[in-house]
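In what follows, a single structure is set out as structure tokens and then discussed.
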């Protein structure tokens, strides 16, 4: 009985891959109906920041509004707020606003979970990896007024000398309000 079922499955699979012919000039060319696609280029590798490089990035001072979100793929509130950021990214794509997502996931998840998450969310080019185990109290006290690293998500916005910090999930209306305030 198993042989009969297996034979039927193989026959069905083979008949599904029929040949199609197309005529070009006087030559008949055969091609499989199963399309073969060019292999897509390998995704761009995610950038890895050290705590020092992260501090330098956070201290950038110019006319651009920097919206930096610290997250992890295992953090429910972090994942739920990403669509709000993506919507604002799309809306402001031709304006001097830069969105960066800094993953605090463990290093062993960088190539798998974080990479897949960045692709699924469409934020690969805006995602940076930071080894949270390398962050000490000095990192937090020298970069932030309110965040001590004990919870995520955390959003840091900066334009020139103006900053704003949000510990915990930021809702869409608050995100819009603060971006508009800091853009001025």
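The values are calculated or read from the model by the stated rules, or taken from the named source; none is laboratory data. All of these numbers come straight from a predicted model, not from anything done at the bench. Please note: Cβ atoms are built from the backbone with ideal geometry, for glycine as well, and neighbour counts cover all protein chains shown.
Got a sec? Which of 74, 147 is surrounded by fewer than 18 Cβ atoms within 10 Å (Cβ to Cβ), part of a loop (DSSP other than H, G, I, E, B) and modelled with pLDDT of 95 or more? Residue meeting the stated conditions: 74. With the condition kept exactly as written, say whether any residue in region 78-92 is over 17 Å from residue 172 (Cα atoms) and either in contact with a strand residue (DSSP E or B) (Cβ under 6 Å, 6 or more places away or on another chain) or part of a loop (DSSP other than H, G, I, E, B) (or both). No: zero hits. Restricting attention to region 111-127 and to residues that are touching a residue at least 12 places away in the same chain (Cβ under 8 Å) and surrounded by fewer than 17 Cβ atoms within 10 Å (Cβ to Cβ), the residue that is nearest to residue 73 (Cα to Cα) turns out to be 113.
With respect to residue 39, is the statement that it is at pLDDT below 95, under 13 Å from the mean Cα position of the chain (by Cα) and surrounded by fewer than 13 Cβ atoms within 10 Å (Cβ to Cβ) true? No. All conditions but one from (1) farther than 19 Å from residue 167 by Cα; (2) in contact with a strand residue (DSSP E or B) (Cβ under 8 Å, 6 or more places away or on another chain); (3) at pLDDT 95 or above apply to residue 116; the one that does not is (2).
The single condition from (1) farther than 19 Å from residue 151 by Cα; (2) over 12 Å from the mean Cα position of the chain (by Cα) that residue 99 fails is (2).
With the structure loaded, tell me whether residue 137 is free of Cβ contacts under 8 Å to residues at least 60 places away in the same chain, within 18 Å of residue 52 (Cα to Cα), surrounded by fewer than 16 Cβ atoms within 10 Å (Cβ to Cβ) and out of contact with any strand residue (DSSP E or B) (no Cβ under 7 Å at 6 or more places or on another chain) or whether it fails that test. Before you say what the answer is, go through the steps one by one.
Values: free of Cβ contacts under 8 Å to residues at least 60 places away in the same chain: yes; within 18 Å of residue 52 (Cα to Cα): yes; surrounded by fewer than 16 Cβ atoms within 10 Å (Cβ to Cβ): yes; out of contact with any strand residue (DSSP E or B) (no Cβ under 7 Å at 6 or more places or on another chain): yes.
Considered against the rule, which asks whether it is free of Cβ contacts under 8 Å to residues at least 60 places away in the same chain, within 18 Å of residue 52 (Cα to Cα), surrounded by fewer than 16 Cβ atoms within 10 Å (Cβ to Cβ) and out of contact with any strand residue (DSSP E or B) (no Cβ under 7 Å at 6 or more places or on another chain), residue 137 comes out as yes.
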